[in-house]
Amino acid sequence: MKILLCDKEPILLKLLSKELGKNGFDIITAEDGYIGMEMVRKHQPEIVITDLLLPLVNGLEYISLIMSENPKASVLVYSDISAENMMEQAYHLGAKDFISKPFDPERLLLRIKRLDVYSN
């Protein structure tokens, strides 16, 4: 299963890529929403895990673009933003789940396994 990770923090991308890769996932990364959209178009990932605070394209715009390009993708948002209206907007745009930063990679893995696409 392909998972696209999008975050402005290269260290976090590396850590999560390593951890999720150990669990058999094919990991693709992007450091901003613009590169993230290129990766969505090129790789058609089943899951996109993204922060809301991204350079070039904000997280809400990015979720909207993901859903227009790949409506079957499951989007999992992680962020240190706890603004309720942002989370509501993310869900309204098609996000399936939200996890607050900081988080344990094992907790993220459990959230991935709960997504609908994992059981398909």
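The table that follows gives values for the structure above.
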{"read-out": "Pairs where the first residue, in segment 89-115, is free of Cβ contacts under 8 Å to residues at least 60 places away in the same chain and the second is surrounded by 12 or more Cβ atoms within 10 Å (Cβ to Cβ) and of a type in the set (Asp, Glu), C-beta under 6 Å, 6+ apart", "value": "Arg111/Asp97"}
{"read-out": "Residues of segment 29-39 classified as surrounded by fewer than 17 Cβ atoms within 10 Å (Cβ to Cβ) and either within 14 Å of Ala95 (Cβ to Cβ) or charged (D, E, K, R) (or both), total", "value": "2"}
{"read-out": "Flag for Lys42 being farther than 19 Å from Ser17 by Cα, surrounded by fewer than 23 Cβ atoms within 10 Å (Cβ to Cβ) and out of contact with any helix residue (DSSP H, G or I) (no Cβ under 6 Å at 6 or more places or on another chain)", "value": "no"}
{"read-out": "Breaking point among (1) within 18 Å of Lys113 (Cβ to Cβ); (2) surrounded by 17 or more Cβ atoms within 10 Å (Cβ to Cβ); (3) hydrophobic (A, V, I, L, M, F, W, C), for Leu54", "value": "(1)"}
{"read-out": "Yes/no for Lys22 being surrounded by fewer than 17 Cβ atoms within 10 Å (Cβ to Cβ), over 12 Å from the mean Cα position of the chain (by Cα) and among the basic types (Lys, Arg)", "value": "yes"}
{"read-out": "Subset of segment 48-93 [touching a helix residue (DSSP H, G or I) at 6+ places or on another chain (Cβ under 9 Å), assigned to a helix (DSSP H, G or I) and not acidic (Asp, Glu)]", "value": "Gly59, Leu60, Tyr62, Ile63, Ser64, Leu65, Ile66, Met67, Met86, Gln89, Ala90, Leu93"}
{"read-out": "Lys96 part of a loop (DSSP other than H, G, I, E, B), on the phi < 0 side of the Ramachandran plot, of a type in the set (Lys, Arg) and at pLDDT 85 or above", "value": "no"}
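Per-residue answers, yes or no, for (1) more than 16 Å from Phe25 (Cβ to Cβ); (2) modelled with pLDDT of 85 or more:
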{"residue": "Val77", "(1), (2)": "yes, yes"}
{"residue": "Met87", "(1), (2)": "yes, no"}
{"residue": "Leu108", "(1), (2)": "no, yes"}
{"residue": "Val117", "(1), (2)": "no, no"}
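The values are calculated or read from the model by the stated rules, or taken from the named source; none is laboratory data. This is a predicted model, so every value here is computed, not measured. Here the Cβ is made from the backbone with ideal geometry for all residues, glycine too, and neighbour counts use every protein chain on show.
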